[in-house]
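Quick note: the coordinates plus some simple rules give every number you see, no bench work behind them. Note that the structure is predicted; figures quoted are calculated from it, not measured. Neighbour counts run over all protein chains shown; Cβ positions are idealised from the backbone, glycine included.
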Amino acid sequence: MALGAAGFATLNLDYQSRARSLDALVAEIHPPISKFTASIDGPIHFVAHSMGGLLTRAYIAHHQPKRLGRVLMLGPPNNGSEIADRLRHLGLYRAFFGPAGQQLATTRDPATLALLPQPNYELGIIAGDRSIYPIASLFLPSPNDGRVSVDSTRLGGMADHIVIATAHPLLVSNRHAIAQTIAFLRDGKFNAIS
């Protein structure tokens, strides 16, 4: 809503993150993205939360739009999740998070690494440093947002990075994160925090 109010045409995609691998998800989201990009003029920006950041990286690597603009990620596990490291061998974790959940580990197999090349586009990353998950935070280096450590969000080649005082699931609705998202999409950098 906030991006639409700021003048951006938007496409909000749901995808079966718990049922498919990243490469299968890329194939799933390609038709609606392709249709959307053909229907609008101007640059094509991406805004993604959590694993959506990895999906965006994989998507752009395979289907980079000709008019690719800027990419903004909120709390992405770019360098994996220490929680996934600890839990990915448990049946309950595998059943709940599916194939893509296996790809969230900090040590990635060659196929997953090939899906996630370093960015060759303007990338901004917003990380959170508060947690509403006290038990999960015990498994993460500090600072973290209860799901992803701040260090894990960083990625070589990023244009800008900022930390917001909020938890992982609240990044998408946090007013500061929203304002910084709009600033990055417009200017390619975040506003200074006072």
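Some notes on this structure:
- Long-range amide H partners of Val47 with built H, under 5 Å: Leu72
- Sequence-distant residues sharing a close amide H with Ala127 (under 5 Å, placed H): Gly75, Ile162, Val163, Ile164
- Net charge over other residues, Cβ less than 15 angstrom from the Cβ of His63 (K, R count +1; D, E count -1): +2
- Two-site FRET efficiency, Leu90 against Leu113, from Cβ-Cβ distance with R₀ of 25 Å, rounded to 0.05: 0.60
- Surrounding net charge for Leu22, when Lys and Arg each add one and Asp and Glu each subtract one, Cβ distance under 15 Å: +2
- Once exposed loop trypsin sites (Lys or Arg not before Pro) are cut out (DSSP; at most 13 other Cβ, 10 Å), longest piece of the chain: 68-194
- The fewest-to-most ranking of Met73, Met1, Met51 by surrounding Cβ atoms within 10 Å reads Met1, Met51, Met73.
- In the set [x] 0.97; [y] 1.23; [z] 0.95, the label that goes with Rg/Rh (Cα atoms, Kirkwood Rh) computed for this structure is [z].
- Here the 3J(HN,Hα) profile of segment 68-74, calculated from phi with Karplus coefficients 6.51, -1.76 and 1.60 at θ = phi - 60°, is 4, x, 9, 10, 10, 10, 10 Hz, Gly and Pro shown as x.
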